[in-house]
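A.B. asks: I am attaching a structure below and will ask some questions about it afterwards.
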Amino acid sequence: MAYSTKVPSLKVKTSIDSFNKLVEILNIQAENSDENISKKSIKLKEKLLKYSVPKQTEEENFIDIRFYQNEVLDLFHILFDKVKDTISYETNYYEILLEARSQLNKSNE
């Protein structure tokens, strides 16, 4: 396989605390009984620990993380799996979305 020099298109600037929490979630999810989530968690954790770039300005220390689009989708899947049983909702935001889109479509006509 040829070496890819393409830089991932999505850039995330995060605090050290958020970076640590993200990697910890991936570490926890690496033990998930769902093999797909487990493998993706391991792969993303390894990538974050290898390719993330610590940066410093006069005001702050932060981490520069780059993602490909498919990695962001994997990350969402991993994160949602982690919290799916702990978060409930009272509002049906899907209905609100449908109404907002309907209003947007009417204003664009």
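A.B. asks: Taking 8 Å as the Cα distance limit and 6 or more residues as the minimum spacing, I'd like the relative contact order of the chain as a percentage.
C.D. replies: Relative contact order, the chain: 30 percent.
A.B. asks: If you wrap a convex hull around the C-alpha atoms of the range 10-107 and split its volume per residue, what is the figure in Å³?
C.D. replies: 163 Å³
A.B. asks: Once you put a point 7 Å from the Cα of residue 105 and another 7 Å from the Cα of residue 42, both along the Cβ direction, what distance in nm separates them?
C.D. replies: 4.5 nm
A.B. asks: Another one. Taking the chain as a Gaussian network, Cα atoms linked when under 10 Å apart, which of 48, 98, 79 shows the biggest mean-square fluctuation?
C.D. replies: 98
A.B. asks: Can you compute the modelled spin-label distance between residue 95 and residue 13, with each label point 7 Å from Cα toward Cβ, in nm?
C.D. replies: About 4.0 nm, to one decimal.
A.B. asks: Still on this structure, I have one more. Please give the charge dipole size of the chain, origin at the Cα centre, charges +1 on K and R Cβ atoms and -1 on D and E Cβ atoms. Round to the nearest 20 debye. All intermediate terms of the calculation are to be shown ahead of the outcome.
C.D. replies: Numbers: 16 positive and 18 negative charges, 114 e Å.
That gives a dipole near 540 debye.
A.B. asks: Right, next: How many nm is it between the label spots at residue 35 and residue 86, if each spot is 7 Å from the Cα in line with the beta carbon?
C.D. replies: 2.7 nm
A.B. asks: Measure nothing fancy, just the Cα-based angle from helix 16-29's long axis to the longest principal axis of the chain, in degrees from 0 to 90, nearest 10.
C.D. replies: 90 degrees
A.B. asks: Moving on to the next point. Rounded to the nearest 10 degrees, what's the angle between the helix 35-51 long axis and the longest principal axis of the chain, both from Cα atoms, 0 to 90?
C.D. replies: Helix 35-51 sits at roughly 60 degrees to that axis.
A.B. asks: Under 18 Å between alpha carbons, and skipping anything fewer than 8 positions from residue 11 in its own chain: which aspartates and glutamates qualify?
C.D. replies: Filter leaves 46, 60, 64, 71, 74.
A.B. asks: For the range 1-104, which GluC sites (Glu not before Pro) are both in a DSSP coil and crowded by at most 10 other Cβ atoms within 10 Å? If you can, show how the numbers build up before the last one.
C.D. replies: Working: sites: 24, 31, 35, 46, 58, 59, 60, 71, 90, 95, 99; in loops: 31, 58, 59, 60, 90.
Of the GluC sites (Glu not before Pro), the ones in loops of the range 1-104 whose Cβ has at most 10 other Cβ atoms within 10 Å are 31, 58, 59, 60, 90.
A.B. asks: Mind jotting down the three principal axis lengths of the range 69-109 based on Cα atoms? Whole angstrom, largest first.
C.D. replies: Answer, in whole Å and largest first: 40, 30, 6 Å.
A.B. asks: Something else: Suppose R0 equals 22 Å; then what is the FRET efficiency for residue 64 and residue 27 from their Cβ-Cβ distance, rounded to the nearest 0.05?
C.D. replies: 0.60
A.B. asks: Going through the range 55-109, which trypsin sites (Lys or Arg not before Pro) have at most 15 other Cβ atoms within 10 Å and a DSSP loop state?
C.D. replies: 84
Each reported figure results from applying straightforward, stated rules to the coordinates on display, with no laboratory input. Model, not experiment: these values are computed from the prediction. Heads up, the Cβs are rebuilt from the backbone with ideal geometry, glycines too, and the neighbour counts pull from every protein chain shown.
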